[in-house]
Amino acid sequence: MGRFGFVVHGLWPEGRVGYPQYCRRLPPPSPAVVRGQLCRTPKVAWIAHEWAKHGSCMARRPEGYFRVGNILADAMRYPAMERLSRNGEAKPGSLTAGKLRAAFAAANPGRPANSFGLRLSERGWLREVLVCLDRRFRPRQCPAAQAGVRDATAVKIWRGL
């Protein structure tokens, strides 16, 4: 398996309460669509799952759902994660969730820091960055359930081998 940095977990539609799920039974993505997603989402099972669970609530065909997700993913810019990880390593606890959110906001003009949710492992390692968008795919403040850890929480970033 290749080495990946950030991967796309999925594009989840917002409902009045929570996320709509499994809205319609639709055909699975074609092999061509799956192949086109593997650089962003490196597991075939994830691609099929996200289409069935969330994509079926947003689009009639997998191509449309994944096209929107790809446009949004391609528009994302990432801060210098290795530099941020080394700063936190040099001064343990100095990299906080607030600083990481601010770094994502600085790398993505027009996206406020509070539009990035962070999920950490039990030991404080970054596991997931959520990008909160409104129904028109514009940045919005993450709801409390998606915001993740508080800004003062120390964050560790794994650089791999």
Note to self: Using a Cα-Cα cut-off of under 24 Å, which lysines could be cross-linked to LYS156, ignoring same-chain neighbours fewer than 8 residues away?
What the structure shows: LYS91, LYS99
Notebook entry, point to check: Not counting the cut sites, what is the longest span of the chain without chymotrypsin sites (Phe, Trp or Tyr not before Pro) that DSSP labels loop and that have at most 14 other Cβ atoms within 10 Å?
Noted result: 23-136
Checklist line | Packing-based exposure ordering (other Cβ within 10 Å, fewest first) of LEU126, LEU72, LEU100 | finding: LEU72, LEU126, LEU100
Margin query: Relative contact order for region 8-75: what percent, with Cα pairs under 8 Å and sequence separation of 6 or more?
Written below: 42
Margin query: Using only Cα atoms and rounding to the nearest 10 degrees, what angle (0 to 90) does helix 81-90 make with the longest principal axis of the chain?
Written below: 30
Check: What relative contact order, as a whole-number percentage, does region 81-147 give when Cα pairs under 8 Å and 6 or more residues apart are counted?
Finding: 23
Check: In deg cm²/dmol, rounded to 500, what helix-only [θ] at 222 nm does the chain give when every DSSP H run of at least 4 residues adds -39500 (n - 2.57) and the total is split over its residues?
Finding: -10000 deg cm²/dmol
Margin query: To test your reading of the geometry: what angle, between 0 and 90 degrees and rounded to tens, separates the Cα axis of helix 62-75 from the longest principal axis of the chain?
Written below: 20
Notebook entry, point to check: How far is helix 97-107 tilted, in degrees, relative to the longest principal axis of the Cα atoms in the chain, given as a value from 0 to 90 rounded to the nearest 10?
Noted result: 70
Next item on the list: With +1 on each Lys and Arg Cβ and -1 on each Asp and Glu Cβ, and nothing else charged, work out how big the dipole of the chain is about its Cα centre, in Debye to the nearest 20.
Entry: 120
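Coordinate-derived values only; no laboratory data. None of the values given here were measured: they were computed from a predicted structure. Neighbour counts run over all protein chains shown; Cβ positions are idealised from the backbone, glycine included.
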